[in-house]
Each structure stands twice: as C-alpha cells, then as structure tokens.
Amino acid sequence: MGRVVLVTGVSGALASRVSRALAELGESGGVDRVVGIDMRPPAGELGGVKFVRADIRTPVVAKVMAVEDVDTVVHLDLAPAESRGGSGAKERNVIGTMQVLAACQRSQQVTKFVLGSNTAVYGSSPRDPALFHESDSARGGVRSGFPKDLVEVEGYTRGFARRRPDIIITTLRAAQVLHPDIDTPFRNYLTNPALPTVIGFDPRLQFLHLEDALAIITQSVVHDRPGTFNAAGDGVLLLSQIARRLGRPTLPLPLPGFASAAGRVIRTMGGQLSPDLHRVLTHGRAVDTSALREIFGYDLTHTTEATFEAFREAVRPGILSALGGR
C-alpha cells in the first residue's frame, strides 16, 4: 500500500501542482491517494486528487485526516498577506499550522510531516552571512509579516517533533519559486514596467525552479528525509543584472521610507509590492544548499540564473528590450 497524502493550501498554484504530481506517481510510485484541502477550490483541474473544502484553522482538519486515513501531511498553506488578499494571513499561517500539527499529534496514522517553509525565515539584514546554513538564525528582518510567521511556524513544528519523535519531519526552506504562473512576491515585483530599487544597494538574489521544487517535495513524501534543508538554485544574481536582462528601467529611491515610496510607485503602475520584500531588495539573501545534496540526496537541476532565464523568456519584454537594450 502506498501513502495517503494530505496537501494543505491546494488552491495555490504550487500546492495544486504538487498534489497532481503526487497523484500521478500512483501506487507504483509509492502514493495510494492524495487529498487536497483548502477554503476554496483551485482554479485548474486536480486530476486524481480528491478536494475537500475546509478551513485548516478549525478542528475539521483532524476529521478530514481521520476519515481519509491520512498518513502523510504536506503543509503548503503558508503565504504572505498579499497572496491571501490581505485577509487573515497570520491566522492562516500560524493558527492554521497549529491546528494541522494538533491534528497530526492526535493521529495514530500519521507517520510523516513535510513543511513547506521559506528562506524568508532567515530575514534580511546588513549583518547577514554570505550564505545562510540551516543551523543559522536570523540576524534581522523577522519582527513582522511573513518572516515572523515562518519563525513561529517552524518553532511550533520543532515543538511537535519533540512530542512526536516517531513522526518523520522534513522542513524545506525554499527560495521563491520564479515562474510566470506561480504567485510570489518576486514574480509580481519583476513583472512591473519599472523596478523601484534602493540607492546604493545591489542585493544578491536566489530563485528556485518549479521543477526542482516539485521534485524535492515529492521525494520528501516517497522517501524518508528527516531534517531541515535549504532549497535554492545554485549561484546568485544581482538585482541590477536582473533588471537589465528583463529590459526594465530601475527607479532608484532613498533607503529611508523605501518600502512606502516603492509601494506607492508600484500601485500607480497597477501592481503591488509585498511589504516583506523591501528588506530583500536592500540587503538580499542567499543560502547554502550542500545539505540538500549531501544529506537529502537531491542534485538541483536548475541554477538561479537558468531559473531566471526561463522566467525572462516567458514574460513580456521590458521597454528597454524594445529599444534594443539588455
């Protein structure tokens, strides 16, 4: 018998793809059934995935797990406020995680828990190391918003691990997936006609390819990979390189008040700027992925640059590209 997998946040573009990928594995690939749970149905087809409409912030998630005989939980229902329409983001992220973990703790069937975290848990500050390792803690920039939610979520997950040492727990700290169809703060930022930047700063950035993200999560389900792992395409790109290759002009703004000024500028262009993104646009962030290769056993197939180039080819060229710039 294969695993019965519950995927939270299945209406999200990434989670829906993860659930379909798991369902396509079938029993021969180690997966018997996949159940997706969310407050609203996904926009696209889920294939062989069973959809259950429910709010993970309520105890109903425990009933779903019991009825469906779930033994593996993939918790992907974590997102910044703007991806949730600004409504109840912290409650979904933190309270929702607490309810999911409580349901797992009471369950006698659950043997594996996979947490889809994010490198935002490290924050972003001028005191950051060149590369964050899994044992590093945040130096700054995690006092509010999505980064703070992630710190709390991972803290609750560690507490759960102490209470249920028999359950295999995999925490994946992934860089933002950069893909035109995946709603992330960086995708939304980079598709604006012009890019607000901070005067005097040129941050180093990393991205994760969608194919790598799907492979890492599915391997966490079908194989036992306990531990915490960074996941990001090898190498870094400077924001100035990204803007030039996209053909998008930059709008340099002073550091004091950058977040609010950049937000106003982007709103005039019909876009949005994540309130958690301004620190990364200032100080950048990069992580070490040696544990993913050496302990988890996965070799990334796309570098950060290759991931960005695939994104660049899929989106509308910027005005500078039309004028012959690069």
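The values are calculated or read from the model by the stated rules, or taken from the named source; none is laboratory data. Since the structure is predicted, the reported quantities are computational estimates derived from the model, not experimental observations. Neighbour counts run over all protein chains shown; Cβ positions are idealised from the backbone, glycine included.
What is the number of the single condition among (1) among the hydrophobic types (A, V, I, L, M, F, W, C); (2) in a helix (DSSP H, G or I); (3) under 18 Å from the mean Cα position of the chain (by Cα); (4) within 16 Å of residue 214 (Cβ to Cβ) that residue 74 does not meet?
(2)
Hey, can you tell me all the residues within region 251-270 that are surrounded by fewer than 16 Cβ atoms within 10 Å (Cβ to Cβ) and of a type outside the set (A, V, I, L, M, F, W, C)?
Correct list: 252, 254, 256, 257, 260, 264, 267, 268, 270.
Is there a residue in region 175-191 that is in contact with a strand residue (DSSP E or B) (Cβ under 8 Å, 6 or more places away or on another chain), of a type in the set (Gly, Ala, Ser) and touching a residue at least 60 places away in the same chain (Cβ under 8 Å)?
yes
Counting only residues that are part of a loop (DSSP other than H, G, I, E, B), modelled with pLDDT of 95 or more and hydrophobic (A, V, I, L, M, F, W, C), which one in region 1-53 is surrounded by the most Cβ atoms within 10 Å (Cβ to Cβ)?
10
If a residue must be of a type in the set (Ser, Thr, Tyr), under 26 Å from residue 274 (Cβ atoms) and not in a helix (DSSP H, G or I), how many such residues does region 96-128 contain?
3
Determine which member of the set 116, 88 is of a type outside the set (Val, Ile, Thr) and at positive phi. Please lay out each step first, then the result.
Numbers: 116 fails: at positive phi.
From the options 116, 88, the qualifying one is 88.
Just give me the residues in region 141-154 being surrounded by 20 or more Cβ atoms within 10 Å (Cβ to Cβ) and over 17 Å from the mean Cα position of the chain (by Cα), in sequence order.
Passing the criteria: only 141.
Restricting attention to region 129-140, which residues are in a loop (DSSP other than H, G, I, E, B) and either in contact with a Leu (Cβ under 7 Å, 6 or more places away or on another chain) or surrounded by 20 or more Cβ atoms within 10 Å (Cβ to Cβ) (or both)?
If the condition is that a residue be in a loop (DSSP other than H, G, I, E, B) and either in contact with a Leu (Cβ under 7 Å, 6 or more places away or on another chain) or surrounded by 20 or more Cβ atoms within 10 Å (Cβ to Cβ) (or both), then 138 is the only one that fits.
Among the residues that make up region 40-54, is at least one of them under 18 Å from residue 102 (Cβ atoms), touching a residue at least 40 places away in the same chain (Cβ under 8 Å) and not acidic (Asp, Glu)?
The answer is no; no qualifying residue exists.
Is it true that some residue in region 11-32 is in contact with a helix residue (DSSP H, G or I) (Cβ under 7 Å, 6 or more places away or on another chain) and free of Cβ contacts under 8 Å to residues at least 60 places away in the same chain?
There is no residue in region 11-32 that is in contact with a helix residue (DSSP H, G or I) (Cβ under 7 Å, 6 or more places away or on another chain) and free of Cβ contacts under 8 Å to residues at least 60 places away in the same chain.
Identify all residues within region 291-304 that are touching a residue at least 60 places away in the same chain (Cβ under 8 Å) and either surrounded by fewer than 18 Cβ atoms within 10 Å (Cβ to Cβ) or touching a Lys or Arg at 6+ places or on another chain (Cβ under 7 Å) (or both); write none if there are none.
Those that are touching a residue at least 60 places away in the same chain (Cβ under 8 Å) and either surrounded by fewer than 18 Cβ atoms within 10 Å (Cβ to Cβ) or touching a Lys or Arg at 6+ places or on another chain (Cβ under 7 Å) (or both): 291, 295, 296, 297, 301.
How many residues are more than 30 Å from residue 35 (Cβ to Cβ) and polar (S, T, N, Q) if we restrict to region 107-151?
Counting residues in region 107-151 that are more than 30 Å from residue 35 (Cβ to Cβ) and polar (S, T, N, Q) gives 5.
Give 119, 184, 191, 157 a once-over and let me know the one that is hydroxyl-bearing (Ser, Thr, Tyr) and surrounded by fewer than 19 Cβ atoms within 10 Å (Cβ to Cβ).
The unique qualifying residue is 191.
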